[in-house]
Every structure is written in C-alpha cells, then in structure tokens.
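**Student:** I have a structure here, written as structure tokens, and I will follow up with some questions on it.
Throughout, read-outs are computed from the coordinates displayed, never taken from laboratory work. Being a predicted model, the structure only gives us computed values, none of them experimental. So basically every Cβ, Gly included, is an ideal-geometry build from the backbone, and we count neighbours across all protein chains shown.
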Amino acid sequence: MIEFVQATKIYGKSDRAALDHLNLRVGDGCLYGFLGPNGAGKTTAIRLLTGALRATEGTVQVNGIDVSTDPVAAKKMIGFVPDSQEIYDKLTGWEYLNFMADVFDVSESDRKARAEQYLETFEMTEAASSRIASYSRGMKQKITAIGALIHNPPVWVLDEPMVGLDPRASFLLKEEMKRRARDGATVFFSTHVLEVAEKLCDQVGIIDRGHLLVEGAPEELQERMGDASLEKLFLELTGGDPAEVEAK
Ligand SMILES: Nc1ncnc2c1ncn2[C@@H]1O[C@H](COP(=O)(O)OP(=O)(O)O)[C@@H](O)[C@H]1O
Ligand SMILES: [Mg+2]
C-alpha cells in the first residue's frame, strides 16, 4: 500500500509547487498508472515515495511506514526502477544482481532462485554473464527491473519504465507488472503515454502541473466522459488550465 497525504514539493526558491498537495492511495494488488505530460510532477512524486527527496509539506507512507521518519524500513518495502540507466557498467548482470541482493540482505538461496526465475522471465539468462557495459538500453532496463525485484518487495515503483524498450521487452515487463499486482503487490508506475495506462492499469491518476486532476479505473473515466475516449479527456485536461478543470 502506498499513501500520499497532502504531499507537496517546492524545489529551492521556486514560487510554484512541482507537486501540489497530492492525495493518493494505492492498495495492495493494484496496478496504478500515474499519467501526465512531461514536467507534470510524476518523477517528483516518485522521488518522495522512494525517499530520494523530502516533502516540503505532507507525508508519504509505504505499508503504513512514513518514508521520512523511517526511511530504511520504507525502502525495504520498495523495489524501484528509476527513469535513468545509470547502473554499474563494470559489473556483469549477475554481479549487479548479487550487489542488489547484498544491499537488501537477501539470502543466497532466495537470491539464486529469484534471479534465475526473473532472468528467465525477461529473457536475460545468457546476457547475465556479460558486462552491463555491453547491454542495450532495453537490457539495462530489464536488469534494473530484476535487481528491483530481488528482495521480493511488496511495492514495485517504476518511473517511465517503457521508455526505450523494444516491443518484446515492453511486453515482458508489462506482463510481470500485471503478475505482481495479481499476486497482491502494489505496482505504481508513471507514464506520459495514454495507451499504456489505458490498457494496463486497474487505476489511473492523471496529473498535470503538480495537481492530480482525476483518478479512477480507465473504463470509469471513460464513462464519466460519456462516449469520449480517455484520450480526449487526457488531451483536454493537459491542454487546459488545471484550476478550470478542477472546478468542473
Ligand atoms: N531538481 C529540480 N530542481 C528544480 N526544479 C525541478 C527539479 N526536478 C524537477 N523540477 C521541476 O518540477 C516539475 C516537475 O518535474 P518532474 O517531477 O520531473 O515531472 P515529470 O516526471 O512528470 O516529467 C517541472 O516543472 C520540473 O522542471
Ligand atoms: Mg519524469
């Protein structure tokens, strides 16, 4: 479970909140798509959630643990796939997975079983013996995803995970996201691509300029708009003034 309560982030001396009083709850077993255009505040929200940034106001909890008062316990609950690919080029895939397993204190038998299973799932078994420096962007994304699952976290957080993935890798990742949610995990990911959110998610939240504008199941959002597609809704919301949209 993830819960943002009035979570607000103002960077430096900016006069505008990058994230403005976000209230958002994602339960166990939910695959939640955090949808919004570039600059909407998605990464900011995720960085508050993973403890990389401190909220200016409000709180963020992971399974009831406040990320700012008990960051270590909160981080143990989370598997995080960041939007950048700055991973350890000098290591092989296996060395990287062992490193992540050490960080999270995963036993030898658990790490081996999980790594083998996920390498298989993501079609990375062979590549795991090679150095990460030789990987394509998609392969780096996949080994990062596996590293983020090595401690079997109840919460999986992914920032723009489909960017740079070829269709096959994207498919495999989406299947794994669905599978984990089905097994009871909370899966929270950001995207600026409507189709991804629409097809994949149990719940979608649309954020723009730091404000969560609407949320609900994709079908529910479509229904609310009559026959209009979620696409029209997305374009309308992100094209207009958030204050006006909120007033509707
Ligand atoms: N480190 C930072 N310092 C100052 N402003 C930032 C920083 N990171 C992001 N911002 C600003 O905060 C807003 C939200 O950015 P971000 O959370 O990265 O959006 P998204 O991930 O939805 O594209 C943007 O206006 C961005 O310019
Ligand atoms: Mg971002």
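**Student:** Taking only Cα atoms, what is the 0 to 90° angle, nearest 10, from helix 137-149's long axis to the longest principal axis of the chain?
**Tutor:** Its long axis makes an angle of about 90 degrees.
**Student:** Moving on. Return the ratio Rg/(2.2 N^0.38 Å) for the chain, where Rg is computed over Cα atoms only. Each step should come with its number before you reach the end.
**Tutor:** Numbers: Rg = 18.2 Å, N = 248, 2.2 N^0.38 = 17.9 Å.
Ratio of Cα Rg to 2.2 N^0.38 Å: 1.02.
**Student:** Loop only per DSSP, at most 11 neighbouring Cβ atoms within 10 Å: give me the GluC sites (Glu not before Pro) in the stretch 82-113, ordered by residue number. The partial results should precede the final answer.
**Tutor:** On the way: sites: E86, E95, E108; in loops: E86.
Counting only loop positions with at most 11 other Cβ atoms within 10 Å, the GluC sites (Glu not before Pro) in the stretch 82-113 are E86.
**Student:** Another question, then. How would you rank C201, C30, going from fewest to most other Cβ atoms within 10 Å of each one's own Cβ? All intermediate terms of the calculation are to be shown ahead of the outcome.
**Tutor:** Numbers: C201 23, C30 18.
If I rank by nearby Cβ atoms, fewest first, I get C30, C201.
**Student:** Find the centroid of the Cα atoms in the stretch 185-223 and in the stretch 70-121, then give the distance between the two in whole Å.
**Tutor:** Each part reduced to its Cα centre gives a spacing of 27 Å.
**Student:** Let me ask something else. Please report R47, R25 as a ranked list, fewest other C-beta atoms within 10 angstrom at the top and most at the bottom.
**Tutor:** Neighbour counts put them in this order, fewest first: R25, R47.
**Student:** 7 Å from Cα along Cα→Cβ at both E231 and W94: what's the point-to-point distance in nm?
**Tutor:** 4.7
**Student:** Hey, rough spin-label estimate for E57 and H21, points 7 angstrom out along Cα→Cβ, what's it come to in nanometres?
**Tutor:** Simple spin-label model gives 0.7 nm for this pair.
**Student:** Please work out how many pairs of lysine residues in the chain are eight or more positions apart (or on different chains) and have Cα atoms closer than 15 angstrom.
**Tutor:** Step by step, the pairs that qualify in the chain add up to 5.
**Student:** Between G205, G36, G216, find the one with the highest GNM mean-square fluctuation for the chain; connect C-alpha pairs within less than 10 Å.
**Tutor:** Comparing G205, G36, G216 in a Gaussian network model of the chain, the most mobile one is G216.
**Student:** Can you sort D105, D66 so the residue with the fewest Cβ neighbours within 10 Å comes first?
**Tutor:** The order, fewest Cβ neighbours first, is D105, D66.
**Student:** I need to check one value: relative contact order of the stretch 104-207, counting alpha carbon pairs closer than 8 Å and at least 6 residues apart, in percent.
**Tutor:** Rounded, it is 26 percent for the stretch 104-207.
**Student:** Next up: Give me the one-decimal nm value for the distance between modelled label points at S109 and D166, 7 Å along each residue's Cα-to-Cβ direction.
**Tutor:** Result: 3.8 nm between the two label points.
**Student:** Quick one: compute the contact order of the chain, relative version, from alpha carbon pairs under 8 angstrom and 6+ residues apart, as a percent.
**Tutor:** Rounded, it is 27 percent for the chain.
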